[in-house]
Structures are given as structure tokens and as C-alpha cells.
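So the structure is just underneath, and the comments pick up after that.
The values are calculated or read from the model by the stated rules, or taken from the named source; none is laboratory data. Here the structure is a predicted model, which is why all the values come from computation and not from measurement. Positions of Cβ are generated from backbone atoms using ideal geometry, with glycine treated the same way; all protein chains shown enter the neighbour counts.
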């Protein structure tokens, strides 16, 4: 009997460990598996139209700005924080870039290119990134120095930055940028062989925003995984008090992640204005929800300390694929919002389930 009990215990222990391993594997690869399933389903349902290279590159272009900001949001959420202001900060940075490039805040309704007498493209990009970073810095200082919860501070920032955008723009759009300005949003690196194979009337190539997204995602992955700073970010998110007792400057690390997400919101603001050939006060409305959804669906825990940038990139792609596929299937835009909302809830529920399995 003792032998039987011992053997049963061993089997139970093996089963438990296997259960934990399975939960861990699912926690790591569920977003990628779900993405692959969606691609297969949409490819079948659209008779292969979804897999057209032109459509795939359009999907990538569409998620690039959201993906870049989601990279910064990953840093924030890894520390257990949140930033609800990134959509408004995107609009403010895009408007500042347009004014810097044009040399005026005079509203323009035409998309025809007009003469620029401002700082040029490089100056406009720099202004956008500085504005975004300063916005993140100010919010980070309020959060870390005054001890006000990030949710409240960035919720206030959401309306403050939008209001500043309206003041800067006099309530109207600034549009009609030159080709060199639009290049970072509309340009692409041609792939003639794909254009020839598919016999596409439109040149097929890798969009510049996609290249920026991939480069920054790779850089952020290296920083988080292989640098001391990255380990400190995880430590602060895992247990802030333990991180403080071990000698880490928790306030400065927390401050830095809001500057990072602000930088990406600023860069996203410029790329967005270049892509649509217009900077508008209404730009970026709802972007914060898409960004947070991409991070959470990608496996980063809202409670901090767990997640990675590669998962975030997959989460952004998953949302882009889902929206594109539903559009190709003529699914109502109202229903699309419901589906994405349900996926976010399921992603958080699954995250909590995996954590519970690991503890047991």
C-alpha cells in the first residue's frame, strides 16, 4: 500500500508539473497560436484574398503606429503602470510637427502640397519626439513625485493634451505636406518581384512605418532582455518595495518608462500625420485603447513584472489581422468593436488563469 501511495504521489506530482508546464507554454505562445489560427481562417473565408501581399503589407502599415506606441506602453505596464493619454499626445506631437514644418499654424483644408518655410523634415521629427517625451516626463514627474496614481494622471493628460492640440491648431487641420515629409508615412521600399508575380497595378513594397516598427521593436527587445535597465524595469513591476530595498531608484525607473512611451507617442504622431498628409486635433482618438489591447493580448500582465515586446508586436498584429479580416468579410464595424473588447477580457482572464496555475 505504501508503494502504491508513493507511486500515486509521484504520478500526481508529474501531472501537476506537466499542468504547470502546459500553462506556461500556453501563456507564452497563445497569442502567436491565435494569430496563426486567424490567418488560416481568414485566408480560407476570403478564398485567399487575405493573403495577397498588398493586403498583408497594408495590414502591417495599419498597425505600425499603434505597434510603436505599444512598445513604449509595454515598458509602462511592465512596471505596473498605465498611460491613457497616448492618443492625445500623438495628436499634440503631430500638430507640433506640422507647425514646425510649415512655419505657421494656419489651417489648411487642401491636401495639395504647399511651400514649407519651417524647420524641415528632420526638425519636424525632432519636435514631435521632444513634445511626446516632455509630455511623458511631466506625467511621470506627477506620478512619482506627487504620488498620484498613473490612471488619474494620464486620464487628466488625455484631456489636457487634446485641449493643447486644439489651441495650437485653432481647432482646424494642418495639411498639404511635401513628398519628403510624407515619405516616412507613405513611402515604401519596392519589391518588384512581388508586384510582377501578383500582377498588381499598385507597386508592392515594405512600408517605411513597418521598418520603423520592426527596428524599434528589436531595439526594445534587446534593452528589456539583455540590459541592466531592462532587468530593473521587470524588478520594479514584480515587487516595487523589494526593488527599492535592493537599492534600485524606483521613482527614476518609473519616470523613465513614461518618457519612453511619450517618445513613441511623439514619433507615432509624426508618422501618422505623414501617412494621412494631415495633422488634426481629432487624431489618435481611441488609440490608447488599441495600444493597451495590443500589450495585454500580447501577454504582458497588467499587474506588472511579466511580458515582452515580441508578444506586444504579435498582439498588435493580431488586432490588425482581426480588423482587416472582419472588414473583408463585411462584418459591421460595430460588431468589430464588440469582438475586440471580448478578446481583451479573455486575454486578461487567461493571464490570471495562467498565474493561478503557476502558483498551484
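Of the residues 286, 307, 247, the single one that is touching a helix residue (DSSP H, G or I) at 6+ places or on another chain (Cβ under 8 Å), modelled with pLDDT under 95, surrounded by fewer than 23 Cβ atoms within 10 Å (Cβ to Cβ) and at positive phi is 286. Search segment 187-236 for residues being in contact with a strand residue (DSSP E or B) (Cβ under 8 Å, 6 or more places away or on another chain) and either loosely packed, with under 15 Cβ neighbours inside 10 Å or within 18 Å of residue 272 (Cβ to Cβ) (or both), and hand back the single one that is modelled with the lowest pLDDT. For segment 187-236, the residue satisfying everything is 203. As a summary of the residue check, residue 273 satisfies the conditions (1) out of contact with any strand residue (DSSP E or B) (no Cβ under 7 Å at 6 or more places or on another chain); (2) part of a helix (DSSP H, G or I) except for the one numbered (1). Just one of (1) crowded, with 20+ Cβ neighbours inside 10 Å; (2) at pLDDT 90 or above; (3) closer than 28 Å to residue 233 by Cα fails for residue 94. It is (3).
Please tell me if residue 124 is at pLDDT below 95, under 23 Å from residue 186 (Cα atoms) and part of a helix (DSSP H, G or I). When the stated conditions are applied, residue 124 passes them. In this structure, residue 130 does satisfy being within 27 Å of residue 214 (Cβ to Cβ) and in contact (Cβ under 8 Å) with a residue 40 or more places away in the chain.
Report yes if residue 312 is in a helix (DSSP H, G or I), in contact (Cβ under 8 Å) with a residue 24 or more places away in the chain and surrounded by 24 or more Cβ atoms within 10 Å (Cβ to Cβ), otherwise no. Taking the combined requirement at face value, the residue satisfies it.
Condition check: more than 13 Å from residue 87 (Cα to Cα), touching a residue at least 40 places away in the same chain (Cβ under 8 Å), in a helix (DSSP H, G or I) and touching a helix residue (DSSP H, G or I) at 6+ places or on another chain (Cβ under 8 Å). Does residue 259 satisfy that? Yes, satisfied. Among the residues of segment 76-106, the ones that are in a helix (DSSP H, G or I) and free of Cβ contacts under 8 Å to residues at least 60 places away in the same chain come to 1 in all.
Residues in segment 146-168 that are over 30 Å from residue 105 (Cβ atoms) and either free of Cβ contacts under 8 Å to residues at least 60 places away in the same chain or part of a loop (DSSP other than H, G, I, E, B) (or both): 5 in all. When the helices (runs of 4 or more DSSP H) confined to segment 169-239 are screened for residues that are over 23 Å from residue 63 (Cβ atoms) and more than 17 Å from the chain's Cα centre (by Cα), those reaching at least 2 such residues are found at 179-186, 192-198, 228-238. Could you run through segment 331-360 and say how many residues are closer than 16 Å to residue 320 by Cβ, at pLDDT below 80 and loosely packed, with under 13 Cβ neighbours inside 10 Å? Number of matching residues: 0. None of 295, 327, 321 is assigned to a helix (DSSP H, G or I) and over 15 Å from the mean Cα position of the chain (by Cα) except 327.
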